[in-house]
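These notes concern the structure reproduced below.
Coordinate-derived values only; no laboratory data. Treat the numbers as computed from the prediction; the structure is a model and nothing was measured. Positions of Cβ are generated from backbone atoms using ideal geometry, with glycine treated the same way; all protein chains shown enter the neighbour counts.
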């Protein structure tokens, strides 16, 4: 415990010494301040006034610059907003034009597809009709030539019978065959 008391006493002594030094420094400082005030008093006051004026000018300059910058920023922001609105309007107009052209092209493509389909159907119908007509004409011609062929065969058979039965001469037979050939030739021309 004695050591502890001794440490406390030492600390108190140091504090008293420090206070004494501070008060003597304060006395020295205040005397120095008085001396300075006498020698430089008016110059110091003048410097402080000029410094205060400069500070005021700087504040006003900074405030003016800040206000000017703020106004410029507001103007730029308004201009930017106007440009953005103009650009949005332009984009909207282009989108509308694109949609309109797309719908027109789609309608035109649908119309062309319908016309092509109709033409295909008409062409198929016309082709079918032409084939039917040709088939009918071929059938008719085949029937006609078959009939003529049958008639010619029948006529020849009849002539053959007559020749066998009547034993006509060869000149009559030649004339008869010439007549049959003429008839066949005229029928082919039809």
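Placing a pseudo-label 7 Å from each Cα along the Cα-to-Cβ vector at residue 154 and residue 56 gives an inter-label distance of 14.6 nm.
For the range 54-190, the convex hull spanned by the alpha carbon atoms encloses 131 Å³ per residue. Rg ratio for the range 78-149: its Cα radius of gyration over 2.2 N^0.38 Å, N being its residue count, equals 2.74. A Förster radius of 45 Å, combined with the Cβ-Cβ distance separating residue 135 from residue 96, puts the computed FRET efficiency at roughly 0.20.
Using 0.36 nm times the number of residues separating residue 178 and residue 107, minus their current alpha carbon distance, what extension gain do you get? Walk me through the numbers on the way to the answer.
Details: separation 71, 0.36 × 71 = 25.56 nm, distance 7.24 nm.
Taking residue 178 through residue 107 to full extension adds about 18.3 nm, to one decimal.
Quick one: if the Förster radius is 35 Å, what FRET efficiency do residue 44 and residue 68 give, using the C-beta to C-beta distance and rounding to 0.05? Efficiency for this residue pair is about 0.50. Using a Förster distance of 41 Å, how high is the FRET efficiency between residue 85 and residue 124, based on the Cβ-Cβ distance and rounded to 0.05? The pair residue 85/residue 124 has a calculated efficiency of 0.10.
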